[in-house]
1. Quick check on segment A:1-16: of everything there that is surrounded by fewer than 16 Cβ atoms within 10 Å (Cβ to Cβ) and within 16 Å of ligand 2 (Cβ to nearest atom), which residue is farthest from the other protein chains (Cβ to nearest Cβ)?
2. Looking at this structure, is A:Ile53 out of contact with any Asp or Glu (no Cβ under 9 Å at 6 or more places or on another chain), at pLDDT 95 or above and within 16 Å of ligand 2 (Cβ to nearest atom)?
3. Before we move on, is A:Ala188 small (Gly, Ala, Ser) and within 16 Å of ligand 2 (Cβ to nearest atom)?
4. Residues that are more than 14 Å from chain B (Cβ to nearest Cβ): list the strands (runs of 3 or more DSSP E) wholly contained in segment A:20-97 that include at least 1 such residues.
5. Go through segment A:152-171 and count every residue that is away from chain B (no Cβ under 11 Å) and of a type in the set (A, V, I, L, M, F, W, C).
6. Checking B:Val258 against (1) crowded, with 18+ Cβ neighbours inside 10 Å; (2) of a type in the set (Val, Ile, Thr); (3) out of contact with any helix residue (DSSP H, G or I) (no Cβ under 7 Å at 6 or more places or on another chain), which test does it fail?
7. Against the condition within 16 Å of ligand 2 (Cβ to nearest atom), of a type in the set (A, V, I, L, M, F, W, C), farther than 20 Å from B:Ile188 by Cβ and modelled with pLDDT of 95 or more, how does A:Ala47 come out, does it pass?
8. Name every residue in segment B:223-239 that is crowded, with 19+ Cβ neighbours inside 10 Å and not hydroxyl-bearing (Ser, Thr, Tyr), in order of residue number.
Amino acid sequence: MTILDVQGISKSFGGLKALTNVSFSVEEGAIFGLMGANGAGKTTLFAVIAGQIKPSGGSVSFRNRTITGKRPDQICRLGISRTFQIVRPFAGISVLDNVIVSALYGAAASNSHAEAREAGIAALEAVGLAGSADKLAGELTLSGQKRLEIARALATGAEMLLLDEVMAGLTPTEVEEMIATLSELRRARNLTFMLVEHVMGALMALSDRILALDHGVPIAIGTPAEIAANPDVLKVYFG
Amino acid sequence: MTKLNLDIIGGPLLVLAGLALPFAGADYLMGIAFNLAMWIALTQSWSILSAMTGYVSLGHVVFCGIGSYVFILTNGTLPMPVALACAGLAAGVMALVIGLPVLRVRGPYFVILTFGLAELAKNVIVQIETSLGQFSRLIFDAPALDTLYFIMFGLAVASTAAAVLVRHSKLGRGLVAIRENEEAAEAIGVPVTRLKLIAFVVAAIIPGIVGGVLLLRTSYFEAAQAFDPVISFSIVTMAIVGGMGTVRGPILGSLAFVLLSELLWARFPQLYMIILGALLILFILFMPRGLSGLFERREARR
Ligand SMILES: Nc1ncnc2c1ncn2[C@@H]1O[C@H](COP(=O)(O)OP(=O)(O)OP(=O)(O)O)[C@@H](O)[C@H]1O
Ligand SMILES: [Mg+2]
C-alpha cells in the first residue's frame, strides 16, 4: 500500500531550479533511498515533504491526504518526522528532555508526563542513547547527536521517518552500528523510511528502492541493483 | 531534591514574611516591600515569555502603561477591583493583537521591535492626552498603603505561581524547545506560533494589573512616566542578575535591586542607568547564571 505519494514537485530558489518535476511513491514499511551529488536537491525534497519549504508546484499526499500547504507541526502530527542533516539538538536541555518534548507534541501526543517520559526512554533505547539520557544534548558527540535526531523523530510516534544523512561524519564502525540500528527499528516498529546517504554501501544495503536526482531532475528510480546498472546514473557518477 | 527542599522551606517563609510585614507598622518598610513585590511581579511575568522562549522583550513596560491608562479611564466609573481586572484584560488583549506580527521576528530584531513598539505606544498615548488637554490625571480615592501592598504582594505571588506552573507544564516544555531551536521544535510537532502567542498573552496580564495598582500608589497618571522605558530596562537587568534558569531568579534579582536602590539610588539617582549597565555587563560576562546560579552550585556540591 502506498503511504507517501509525491506528484510533480518543483522548487526554484530565485533562478536556481532545486527540484524539477519530481514524482515517486513510497510503499508502507519500505526503506526508500534518495541519492544524488551535493546540491542535487535531496534536503530540499525532505523540507518540502515535511512542510518547511513550500514547493513552486506539485503536491504531496500522505495516506491519501494532501499535505502540501500544511505547517511542519501539523505534518508531524499526521505521522511524518524528519531529521536535520546539520543536527539541531536542543543543546541546553538534557537528552531525555529533548525526546520528551517530541512525545508530548508529536503524532502520538500525550498530555501525561509519565507517558511521554516512557516513550522518550524507549526512543533513546532504540538508538542506543539510553546511557546518555541525563547528559546535556550539547555535550553529545556528533555520532550521539545524529542518534538524538533519530530518537527525537522516533519519539513523536511518527509512522514515517525522513533521515537526512544520519551517517555522514561517522566512523566506519559507527556506520555499521547505525545500519544495524535502522534495520532493527524497521523490524521492531513497522516504520517507513526515506533515507538520504552519501555512504553508497549503506544506502544500497538498506534501501528497497532508490530515486537518483541530478541537479533536481529525477534520472532513475528502481531497486538498488537496477540503479547500480543504470547507464544515466553511471554517467552522472562516473562520467 | 535539595533544590526542592530549599524552595519548600524558602518559598513559604517568604510568603509568611510578606504577609506579616504590614504588622511591623513601619510605612517606610512597607513602601520598600511594595516596590519589591512590584518588581517580582513584573520580572516573573517577563520571564514567562523571555526566559522561557528566548524572545527577549525590551518593551515589557507597554503592558503596565496600557494597564495604567485603562485603569485611569475606568476607575471611578467602575468599582476599583473591576477597573483593575479591565487593566489586566486590556494588556492581555493588546498582547493578543500585536503578538502575531511581533513574534514573527527573532533575536535582536525582536528586542528592537518590542522597544520601538513600547515607545510608539507611549507617544500615541501622550498625543491623545495632549489633544484632550490632559497633562496628568489625579486619583483621589486611593486605598491606604497596606491595602495596596497586599494587592501587589498577591500579584507577586500570582506571577511567581504562574511562572512555576508554566515551567512544569507541557506548555513550558514546548517553549523551551522553541528557545533551543525553533525549526526543530516545529518539526517535532510543537505548534510554535500558538505557544509563543499564549506565552505573550499570559506574560502581559499581570503587568497590566500592576500598572493599575502602581497608579493608586503614585495617585496620578502621566503617560511618559507610565510608559517609561527605564522600567523595561530594569526588568531585563533584574532577570539577568537574578538568573534566567529558575523561578528564583526574578525574586533574587528584584531583591538585589531594591536593596541597592535603598542604599544607593535614593541618594545618587543619577547613577541609576550607569549601575544598571555595569551590572548587566558584569553578570552577562562573569555570572551568566545570575545570583540563582550561586545556589545551584552549592546544591550541586552537596
Ligand atoms: N533556502 C535556500 N535558498 C537558496 N538556495 C537554496 C536553499 N536551500 C537550498 N538551496 C540550493 O538548492 C540546491 C539543492 O540544495 P539541497 O540542500 O537540497 O541539496 P542536497 O542534495 O541536500 O545536497 P547535500 O548532499 O550537499 O546535502 C543547492 O544548489 C542549494 O544551494
Ligand atoms: Mg542535503
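1. A:Leu16
2. On the way: out of contact with any Asp or Glu (no Cβ under 9 Å at 6 or more places or on another chain): yes; at pLDDT 95 or above: yes; within 16 Å of ligand 2 (Cβ to nearest atom): yes.
Yes, satisfied.
3. On the way: small (Gly, Ala, Ser): yes; within 16 Å of ligand 2 (Cβ to nearest atom): no.
Judged against the criteria, A:Ala188 is not a match.
4. Values: elements: A:31-35, A:57-62, A:80-82.
So the answer is A:31-35, A:57-62.
5. Within segment A:152-171, residues that are away from chain B (no Cβ under 11 Å) and of a type in the set (A, V, I, L, M, F, W, C) number 7.
6. So B:Val258 meets the others, but not (3).
7. Numbers: within 16 Å of ligand 2 (Cβ to nearest atom): yes; of a type in the set (A, V, I, L, M, F, W, C): yes; farther than 20 Å from B:Ile188 by Cβ: no; modelled with pLDDT of 95 or more: yes.
Criteria not met by A:Ala47.
8. Going residue by residue through segment B:223-239, those that are crowded, with 19+ Cβ neighbours inside 10 Å are B:223, B:226-227, B:231-239.
Listed by number, the residues that qualify are B:Ala223, B:Ala226, B:Phe227, B:Ile231, B:Phe233, B:Ile235, B:Val236, B:Met238, B:Ala239.
The values are calculated or read from the model by the stated rules, or taken from the named source; none is laboratory data. Computed from a predicted structure; not experimentally measured. Note that each Cβ is placed from the backbone with ideal geometry, even for glycine, and that neighbours are counted across all protein chains shown.
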